[in-house]
Amino acid sequence: MTKSIVIFTNTLRLRDNKLFSQLQYDKRILPIYVHDELFFSKPLGSASKVWLYYSLLDLKNRCPELSFYKGDFVDTVVSLAKKFDISKVVVSEHYFPKEIQALKQLSHELNAISCELKCVNTSLLWHPNDVLKDDGTPYKVFTPFYRKGCLGADLPDNPQSIFLSSFCSDPNSLSLEFLDLLPDHQWAQDMIQDWDISESGAKKTLDNFLNNGIQRYKEGRDFPALQSVSRLSAYIRFGNISINTIWHSAAKLPQSKHVDHFLSELGWREFSYSLLYHFPTMITNNLQKKFDKFPWKDNASLLRAWQKGLTGYPIVDAGMRELWQTGYMHNRVRMIVGSFLVKNLLIHWHHGEAWFWDCLVDADPASNVASWQWVAGCGADAAPYFRIFNPITQGKKFDPNGDYILRYLPELENLPKKYLFSPWEAPSEILKAANIELGKSYPLPIVDLRESRELALAAFQSLKETS
Ligand SMILES: Cc1cc2nc3c(=O)[nH]c(=O)nc-3n(C[C@H](O)[C@H](O)[C@H](O)COP(=O)(O)OP(=O)(O)OC[C@H]3O[C@@H](n4cnc5c(N)ncnc54)[C@H](O)[C@@H]3O)c2cc1C
């Protein structure tokens with residue numbers, strides 16, 4: 001009788017889970033989750049831990065045999081394999097060096113006790129090794145990566161409907177609380193009000209988007225006040241839903257520019273993984289080396305003002321407060337706040353990446369790093385450094401009625417629309433009538449846009465001169 005272990009890492013679901021295809025004929029399967037902060041290239045941030053906690057709670061409710069452990073990943077699995085005389089261990093494939101190394105080590109140690117390790121791609125539509133240029137090297141530009149590489153490769157696997165019923169449990173495993181994932185802080189309780197963190201919540205979110213949002217996605221996705229994006233990112237990150245289910249559910253819809261654009265955004269996630277897989281030093285280092293000499297500024301108080309949504313630029317502040325309150329930020333606003341940090345404040349993208357990593361429920365090691373490098377201009381296919389978003393014109397263009405700004409900055413609710421994107425331009429009697437005292441109830445701008453833009457361009461120019 002085959003006794004197996006299935007390890008849940010970033011695929012926290014029972015539906016369309018390719019791990020199960022390796023287990024369908026096994027008779028006794030121990031489902032486990034091992035909490036080891038050091039297993040991952042980047043230890044989880046605070047918001048991710050909260051999402052992880054509720055995802056595991058949901059999984060445990062639906063699979064009561066799920067057993068929890070805390071400690072060294074490899075040692076824990078090997079000792080369980082010995083204890084229960086296990087002949088097969090199944091786990092998701094991971095794509096960063098530390099995790100790859102740990103799984104190699106695990107395979108080695110399991111082999112020594114005649115146990116086999118099977119690693120399965122459960123989180124990507126295409127394996128990074130399956131999407132390469134004709135000369136066998138990885139793509140660094142998105143459009144050919146996606147249009148030629150991904151769409152020219154085999155179709156992503158169809159969703160699978162294997163349900164296992166032969167689970168068993170370990171009476172000596174830990175309780176979920178023992179993993180210590182929830183902070184002792186009201187912030188987490190408030191943040192989760194926005195979400196249904198469960199496999200069924202993920203499915204409802206997808207269905208809702210396919211019925212109501214995708215039909216205007218291509219243009220609507222730029223307007224943060226509209227419900228035109230899927231908000232699936234955290235569910236994808238933790239595998240509450242399968243990326244193959246999402247792909248095929250959308251691809252089945254009548255063809256349109258909206259469906260095509262949505263699928264290509266899933267392609268951006270694949271691109272990020274491909275980059276980090278093939279260029280793993282990107283996790284901390286600039287992909288474009290010339291940026292190593294960039295004259296970043298260290299300024300703790302400007303960084304703090306940005307983090308807290310107190311820059312004096314309403315669209316930036318609304319985004320940063322959305323992030324803090326909900327663990328999410330709309331993509332257009334991520335680009336605006338990112339540009340503001342690295343170009344107007346000249347603060348290193350590492351600081352932005354780290355804050356997002358801690359606060360985002362969808363904090364993803366590949367998408368976060370690749371996107372920050374894109375914003376900073378030092379990544380692959382990056383926004384040119386001289387393209388500096390102007391937060392006033394971005395606000396006017398993408399939040400024309402100020403609905404998004406006012407959702408997060410209620411202190412500006414009585415300000416006439418005309419001044420909502422640049423409150424400091426309002427005459428004093430208008431500010432007074434709106435009950436706003438700049439510098440007290442809402443900050444004055446922390447930098448001058450024109451001056452900071454020129455400084456940024458000069459700093460960028462200095463790279464060209466030294467390279
Ligand atoms: C500075 C910065 C940091 C970011 N950090 C993250 C991160 O940590 N985790 C993360 O998942 N995304 C990140 N993104 C990408 C993008 O902002 C989010 O994926 C998107 O806003 C999530 O919302 P959604 O699910 O409604 O997206 P939708 O527009 O509905 O897109 C569907 C899915 O496609 C993927 N996707 C969309 N855009 C991108 C993109 N540009 N790069 C990679 N994948 C994408 C996501 O999985 C997303 O859930 C970042 C973007 C920027 C500019």
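The values are calculated or read from the model by the stated rules, or taken from the named source; none is laboratory data. Predicted model only: the values in this text are computed from it and were never measured. Note that each Cβ is placed from the backbone with ideal geometry, even for glycine, and that neighbours are counted across all protein chains shown. These accessible areas exclude ligands, DNA and RNA; they are computed on the full protein's heavy atoms, side chains included. Shrake-Rupley method; radii C 1.70, N 1.55, O 1.52, S 1.80 Å.
Just the residues that are farther than 20 Å from L463 by Cβ, away from the ligand (no atom under 16 Å from the Cβ) and surrounded by fewer than 21 Cβ atoms within 10 Å (Cβ to Cβ), please, taken from region 358-406.
Matches in region 358-406: N390, I392, T393, K396, K397, P400, N401, D403, L406.
Which of the residues belonging to region 180-218 are of a type in the set (G, A, S) and open to solvent by less than 20 Å² (accessible area, probe 1.4 Å)?
Those that are of a type in the set (G, A, S) and open to solvent by less than 20 Å² (accessible area, probe 1.4 Å): A188, S198, G201, A202, G213.
Can you name the residue in region 320-345 that is open to solvent by 10 Å² or more (accessible area, probe 1.4 Å) and among the hydrophobic types (A, V, I, L, M, F, W, C) and, of all such residues, is farthest from Y408 (Cα to Cα)?
That would be M335.
Kindly check whether there is at least one residue in region 45-54 that is at pLDDT below 95 and surrounded by fewer than 23 Cβ atoms within 10 Å (Cβ to Cβ).
no
I need the full set of residues from region 241-299 which are basic (K, R) and surrounded by fewer than 15 Cβ atoms within 10 Å (Cβ to Cβ), in order please. Steps first, answer last, please.
To start, the set of residues in region 241-299 that are basic (K, R) comprises 252, 257, 269, 289-290, 293, 297.
K252, K257, K289, K290, K293, K297, listed by residue number.
For region 301-319, give me each residue that is open to solvent by 10 Å² or more (accessible area, probe 1.4 Å) and either in contact (Cβ under 8 Å) with a residue 24 or more places away in the chain or under 18 Å from E425 (Cβ atoms) (or both). Spell out the reasoning first.
Looking only at region 301-319, we keep the residues that are open to solvent by 10 Å² or more (accessible area, probe 1.4 Å), and these are 301-305, 307-308, 310.
The answer is L302, L303, A305, Q307, L310.
Among the listed residues L431, L415, identify the single one that is more than 16 Å from the ligand (Cβ to nearest atom), crowded, with 16+ Cβ neighbours inside 10 Å and assigned to a helix (DSSP H, G or I). Show your work before the answer.
Working: L415 fails: assigned to a helix (DSSP H, G or I).
Sole residue among the options that is more than 16 Å from the ligand (Cβ to nearest atom), crowded, with 16+ Cβ neighbours inside 10 Å and assigned to a helix (DSSP H, G or I): L431.
Quick check on region 320-329. Is at least one of its residues touching a Cys at 6+ places or on another chain (Cβ under 7 Å), free of Cβ contacts under 8 Å to residues at least 40 places away in the same chain and not assigned by TED's automatic domain parsing to the domain that holds D222?
Within region 320-329, one or more residues are touching a Cys at 6+ places or on another chain (Cβ under 7 Å), free of Cβ contacts under 8 Å to residues at least 40 places away in the same chain and not assigned by TED's automatic domain parsing to the domain that holds D222.
Going by what's in this entry, would C115 be described as more than 29 Å from the chain's Cα centre (by Cα) and modelled with pLDDT of 95 or more?
Criteria met by C115.
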